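The values are calculated or read from the model by the stated rules, or taken from the named source; none is laboratory data. Note that the coordinates shown come from a computational prediction; the quantities given were computed from them, not determined experimentally. As a convention, Cβ positions derive from the backbone with ideal geometry for all residues, glycine included, and neighbour counts pool all protein chains shown. Calculation scope for accessible area: heavy atoms of the full protein, side chains included, ligands and nucleic acids excluded. Shrake-Rupley method; radii C 1.70, N 1.55, O 1.52, S 1.80 Å.
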Amino acid sequence: MSPHLRKKVVVVGHGMVGHRFVTAAIERGLTETHDIVVLGEEPRPAYDRVALTSFFEVGAEALSFLPSGAYEDPRVTLRTSTSVIEIDPAAQTVMLADGEEMAYDELVLATGAAPFVPPVPGAELGNVFVYRTIEDLEAIRQAARTAKAGAVIGGGLLGLEAANALHQLGVETHVVEMNPRLMSVQIDEAGGRMLGRHIADLGLTVHTSVVTESISPDAGVSTGSTTVGALKFRDVDEPLAVDMVVFSAGIRPRDALARAAGLDLAERGGVLVDEQCRSSDPHVWAVGECAAPAGRMYGLVAPGYDMAEVVADALLGGQGTFTGADMSTKLKLLGVDVASFGDAHGTTDECLELTYSDAVAGVYKKLVISEDGTRLLGGVLVGDASAYGLLRPMVASGMMLPENPEELILPQSTGGGGGIQLPPEAQVCSCNDVTRGDIEAAVDDGCQSAAEVTKATKAGSTCGSCKVQVKTIVEDYFTAQGKTVDTSLCEHFSMTRAELFDVVLIHGYKTFDQIIEAHGTGRGCDLCKPAVASILASQLNGHVLAKENRKLQDTNDAYLANLQKNGSYSVVPRIPGGEITPEGLIVIGEVAKDFGLYTKITGGQRIDMFGARMEDLPAIWKRLVDAGFESGHAYGKSLRTVKSCVGSTWCRYGVQDSVGLAIMLETRYRGLRSPHKLKGGVSGCARECAEARGKDFGVIATEKGWNLYVGGNGGAIPAHAQLLAGDLSTEELVRYLDRFLMYYVRTADRLQRTATWIDSLDGGLDRVREVVIDDVLGLGTELEAAMARHTETYFDEWKATIEDPEKLRRFVSFVNAPEVPDPNISFGSTRGQIVPEVGAEPVSLGASIPVGLPDLVEPTLEESR
Amino acid sequence: MNAAQTVTYISVCRLDDIDPETGVAALVRGEAVAVFRTVDDRVFALSNYDPFGHASVLARGIVGTRGEVPFVASPLLKQPFALETGICLDDPSISVATYDVDVVDGEVRIGARRPH
Ligand code: SRM
Ligand SMILES: Cc1cc2nc3c(=O)[nH]c(=O)nc-3n(C[C@H](O)[C@H](O)[C@H](O)COP(=O)(O)OP(=O)(O)OC[C@H]3O[C@@H](n4cnc5c(N)ncnc54)[C@H](O)[C@@H]3O)c2cc1C
Ligand code: SF4
Ligand code: FES
């Protein structure tokens, strides 16, 4: 088709669904024949509104669907900060706010919805907000800095999410709900009560069955204040004093453009569209929250995505239709799992209900079952929604219930639904329409793990509620094919590292021999021996070179130094927080000079000396120890460094003493043997010069204390650390960190950094928060005590080594010629320092040395001694 | 054992100088030899030179078993070598030299390099 015959699609609104329409159009090839112009009112390209609340943690960039600001396909033009104020279906034009007129061949409305603000007097006051855009959240955060108390009006799904955010921002939070229970749309009365109790336990105040009559300004009208001061409820005398208000009383489709243009609207609002999402004008389409297929609007993203696909297909002449959607939801509100699916309220004729409730544990579950007891119609889960991933597809696929359906909700149910096999066509991921069959096909195509399946199929990548189910299906499928997902440590131990850790702890084992004799086979290997060494070190904190266990130590631990490619070693003294005196620098310089070592500043804010011969290590360390240095454990799977920025001591932006805290933390956790190495960082303010969020634990100073982030990683698979808890006092910070680190030490797999460990936990970061902060397992004091034991029994490994002739015995080049340096180690020079030289052949000293002689000369035993 | 054999053996250390399931490096006729002791007090001698990493380090590796086969994992990149044959268990086309070795009166003695 020649260029002037290309058609033009104009998309109004660049939100989640507008963006999906564009990507669908590109993928399906619509841009081969059509130019697309997207006009969006917001100042930035589309972003993940579903994850809006995480804006406080991750920032706008991380939420963006189009960080570069433009689509790669040059035939798509995106204009942000551009509002459409009028559409003219007869002329096929749209009018922009600046007066520009634009013609279209096809018009796609994706204008979304707007929060509904009821006409309450005072709603126009300052510090009254809605919760929909990044700008809304920025304003809320600003107000929260000075606000003491705040109210969220509306106790629905979004209201609770907003309340969660206010609570996290440190504002005393009230939830005001007109109905007698929270989340009345999704869950039933008993579930709502259970949820209310959970939320009250967290320190939020829930007011149900109250109607807000008016909002009054701060300190009365006399001060002329224009910001919120209090809420007045109908039939309640005492007003509720608040400094900010967030309205979350429902949403309304943004259908004003269509209304003004005379297009048909649905009775309850929204652009009325047919099954192909076409409006009453053949060239105008509507998708997402502004659309009302068959008269019904959907306030969820998944149906919007389906509509976007249907329209892209229709514009290419396809016949796809949108015929309704699954309104199931699962979310985690203030740490409480809540899910509802299918016919949650039991409105189907003659249906049966099966409930399980445990007020102590705060768990409530209800299943709605067909009259004949064979089909699952819907349900509600509060407090434990682990079964959601299985139950929702059971409803959607209409499969037969097992004999004892109550087992699906009894507490011992794993959520994996042990044994229950969904039919292949059952939709497992509703956000991305992925079935069990699709997941298994992805495995057939070579995916090796649930994470790879998510990458290939998108299942689990949107709201995440199907993740557990995806993982279960992948693992079951592996098992079915005989490809067992083997979690054994190695051929000698058929358990995971975490299981082995518990076994060692329970039996109080002290040596490898005891452990392998009782629980393993053979004599171990390079996988299980270092793992056992690490477990014993974490529990007993003995010397890693103690006679009974030194045979277990990995390469670097075996000589308390890092092995280099030519067989020499590097030496890294600890420099806590990166702070060092001039005298300290001079000692390191002199030692390096005297032993001819290469020096380099490391990425971990300290100094590494390379090229030490094994037999020289004790003498080098003697000098360092005498000068007050100690081991930096650069060789151990243990704490490495706690990187710091200069902080409030010097920096004009700093709000806390980051160096002081880094030194304290590094000193506290030094020597802690762990499943993999551990790194920390402390920054003095949000500018984050210490890159703390790239570390296993990162601390960022705030005006009120410290924010604690966990699970960051550089290395091969970089990850940003996530906020575990905010505005902590130093004491709280240390308590949570003690627990976090010990929980990791106990349960992670060998060589699993914190980032992958957190991902591997069922519930991820939320689980960590439950265990570390909420102490749901009641392990808090035990973990703290374990850390206290570690810090009390810490000693410097190198100091202990140079004082013990038995340990020093091993630091020789040759057992029978300790004074002969290994000729295989040699050095060249580059930029004025030594560099290793690696030969392709072993070097022989031949006859030139006194010990041992060439074969032909036959030495006597006497001579060779 | 006849006299001619005895003299070709070089004593390098006492058995007690080697912790069970570890190795030591010895200098034998100018060559670096890794001498290992297993848990049942058998001794094995291999060239100390790791042909993958090109460094003389095998004596510092972890000793263990694969099935019934005792082996040492190179401390550099963990390739496993059978202690009896010197053959790399992951890549049998590569092997390291082995030496005759025995223990007499608690003395560990290294004999000739075996042909391979
Ligand atoms: C010396 C140093 C590079 C430098 O010249 O700056 C270094 C050197 C080594 N790194 Fe590193 N890493 C060094 C900072 C880092 C950093 C930066 C940091 O810590 O801020 C990272 C990324 C941050 C992180 O860990 O998340 C880093 C990520 C790695 C990784 C990848 C870990 C991962 O999770 O993927 C490895 C491999 C491993 O541990 O399995 C590694 C392994 C190594 C080893 C130990 C490889 C080895 O087994 O021989 C290197 C030997 C160190 C030695 O001989 O002393 N090094 N390494 C840095 C020493 C820091 C220190 O003072 O202790
Ligand atoms: C805090 C929060 C949490 C949520 N959680 C979930 C969840 O867990 N699960 C779920 O399924 N859904 C959730 N949702 C709902 C979900 O975000 C919406 O269903 C989805 O964003 C709808 O997409 P949309 O493109 O239709 O609308 P939007 O994403 O709102 O996009 C519409 C865009 O059009 C623009 N626009 C409007 N009028 C004009 C105009 N005249 N000219 C130019 N541009 C215009 C708007 O500025 C906006 O950018 C949540 C929403 C919020 C706010
Ligand atoms: S993180 Fe903040 S306090 Fe620390 S150096 Fe950077 S700007 Fe200064
Ligand atoms: S159901 Fe939302 S990501 Fe799968």
Restricting attention to helices (runs of 4 or more DSSP H) lying wholly within segment A:524-640, give those where 2 or more residues are among the basic types (Lys, Arg) and touching a residue at least 12 places away in the same chain (Cβ under 8 Å). A:617-626
Filter result for residue A:481 (away from ligand 4 (no atom under 16 Å from the Cβ) and at pLDDT below 85): yes
The condition of being within 7 Å of another protein chain (Cβ to nearest Cβ), assigned to a loop (DSSP other than H, G, I, E, B) and either within 16 Å of residue A:523 (Cα to Cα) or of a type outside the set (Val, Ile, Thr) (or both) holds, among B:41, B:19, B:90, only for B:19
Please determine whether any residue of segment A:516-532 is more than 10 Å from chain B (Cβ to nearest Cβ), over 18 Å from residue A:677 (Cβ atoms), surrounded by fewer than 16 Cβ atoms within 10 Å (Cβ to Cβ) and over 31 Å from the mean Cα position of the chain (by Cα). yes
Residue that is facing chain A (nearest Cβ under 10 Å) and either assigned to a strand (DSSP E or B) or surrounded by fewer than 23 Cβ atoms within 10 Å (Cβ to Cβ) (or both), where the choices are B:52, B:36, B:71: B:71
Before we move on, is residue A:567 within 14 Å of chain B (Cβ to nearest Cβ) and over 35 Å from the mean Cα position of the chain (by Cα)? yes
Looking at A:199, A:215, A:251, A:187, can you tell me which residue is closer than 30 Å to residue A:14 by Cα, more than 14 Å from chain B (Cβ to nearest Cβ) and either of a type in the set (A, V, I, L, M) or more than 16 Å from ligand 3 (Cβ to nearest atom) (or both)? A:251
Quickly run through segment A:641-690 and pick out the residues that are in a loop (DSSP other than H, G, I, E, B) and under 30 Å from residue A:553 (Cα atoms). A:670, A:671, A:672, A:674, A:675, A:676, A:677
Do the conditions hold for residue A:506, that is, is it open to solvent by 40 Å² or more (accessible area, probe 1.4 Å), among the β-branched types (Val, Ile, Thr) and not in a strand (DSSP E or B)? yes
Being outside any loop (DSSP other than H, G, I, E, B), in contact (Cβ under 8 Å) with a residue 40 or more places away in the chain and over 18 Å from residue A:131 (Cα atoms) is the filter here, so list the residues in segment A:163-191 that pass it. A:190, A:191
Tell me, please, whether a residue that is open to solvent by less than 50 Å² (accessible area, probe 1.4 Å) and away from ligand 3 (no atom under 12 Å from the Cβ) can be found in segment A:650-660. yes
When only residues in segment A:619-656 that are in contact with a Phe, Trp or Tyr (Cβ under 8 Å, 6 or more places away or on another chain) and of a type in the set (S, T, N, Q) count, which is nearest to residue A:700 (Cα to Cα)? A:656
Yes or no: residue A:655 more than 14 Å from every other protein chain (Cβ to nearest Cβ), β-branched (Val, Ile, Thr), farther than 17 Å from residue A:801 by Cα and within 16 Å of ligand 1 (Cβ to nearest atom)? no
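From A:538, A:465, which residue is within 24 Å of residue A:563 (Cβ to Cβ), more than 14 Å from every other protein chain (Cβ to nearest Cβ) and open to solvent by 10 Å² or more (accessible area, probe 1.4 Å)?
Criteria check complete, one pass: A:538.
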Within segment A:59-73, residues being in contact with a strand residue (DSSP E or B) (Cβ under 8 Å, 6 or more places away or on another chain), over 11 Å from residue A:46 (Cα atoms) and not in a loop (DSSP other than H, G, I, E, B) number 0
For segment A:330-362, which positions are in a strand (DSSP E or B) and open to solvent by 20 Å² or more (accessible area, probe 1.4 Å)? A:330, A:331, A:332, A:337, A:342, A:352, A:353, A:354, A:355, A:356, A:357, A:358
Answer yes or no as to whether residue B:7 is of a type in the set (A, V, I, L, M), at pLDDT 95 or above and open to solvent by less than 50 Å² (accessible area, probe 1.4 Å). no
